[in-house]
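The values are calculated or read from the model by the stated rules, or taken from the named source; none is laboratory data. Owing to the predicted nature of the structure, the values given are computational and were not obtained by experimental measurement. Note that we place each Cβ from the backbone using ideal geometry, even for glycine, and neighbour counts take in every protein chain shown.
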Amino acid sequence: MDKMRKTLFASATIVVVLVVGLWGVDLQGTLAVGDLTDAHIGKTVCVDGEVKTGTLCLTDNGSTVTFTMTDGYNDVNVSYSEHQPVNLQNEMPVTVTGTMLPDRTIEAHRLLSECPSKYETENTTLNTTLKSIQ
């Protein structure tokens with residue numbers, strides 16, 4: 001009976017560790033811009049695309065970055081007010097996670113961009129290419 005209790009205890013410990021370890025992990029996967037539909041409105045989405053050239057803009061006295069994300073065929077507007085990414089550039093691949101609003105804008109709470117050193121184009125950084133709207 002002692003061996004059976006140890007086995008049950010070990011099994012319960014493993015289950016608890018798995019539940020705690022996976023808590024908050026996004027298991028829904030990443031969508032392409034073209035995969036977004038009206039069914040995603042009001043839900044949290046994780047979307048891959050790239051920053052559309054000429055759409056980077058600072059608003060709210062520089063506290064919010066807005067841009068259009070594209071997959072080359074479809075576009076979606078993104079608004080991001082968290083930590084400002086200093087390396088965000090035109091045509092840069094990005095992944096955003098946020099809530100899709102009724103106007104089909106993603107209010108992002110997470111933005112991941114790739115390292116700008118991987119790009120050899122003459123894109124300028126966020127600080128020098130953005131229009132400021134006040």
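Evaluate region 68-80: report whether one residue or more is part of a strand (DSSP E or B), free of Cβ contacts under 8 Å to residues at least 40 places away in the same chain and over 14 Å from the mean Cα position of the chain (by Cα). Show your work before the answer.
Step one: list which residues in region 68-80 are part of a strand (DSSP E or B), which gives 68-70, 75-80.
Filter once more, so that each one left must be free of Cβ contacts under 8 Å to residues at least 40 places away in the same chain: 68-70, 77-80.
Of the ones still in play, those that are also over 14 Å from the mean Cα position of the chain (by Cα) are none.
For region 68-80, residues part of a strand (DSSP E or B), free of Cβ contacts under 8 Å to residues at least 40 places away in the same chain and over 14 Å from the mean Cα position of the chain (by Cα): absent.
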Could you give me the residue pairs with C-beta distances under 9 Å whose first residue belongs to region 91-110 and is more than 14 Å from K52 (Cβ to Cβ) and touching a residue at least 60 places away in the same chain (Cβ under 8 Å), whose second residue is assigned to a strand (DSSP E or B) and among the acidic types (D, E) wherever it lies, and which are 6+ apart or on separate chains?
-> T95/D48; M100/E107; L101/E107
Select from region 37-74 the residues that are of a type in the set (A, V, I, L, M) and closer than 20 Å to E91 by Cα and list them in ascending order.
-> V47, V51, L56, L58, V65, M69
Any hit, region 41-60, residues being over 13 Å from the mean Cα position of the chain (by Cα), charged (D, E, K, R) and not in a loop (DSSP other than H, G, I, E, B) | no
Breaking point among (1) modelled with pLDDT of 90 or more; (2) in a loop (DSSP other than H, G, I, E, B), for E91 = (1)
Residues (among the hydroxyl-bearing types (S, T, Y) and in contact with a strand residue (DSSP E or B) (Cβ under 9 Å, 6 or more places away or on another chain)) located in region 54-99 = T55, T59, T64, T66, T68, T70, S79, Y80, S81, T95, T97, T99
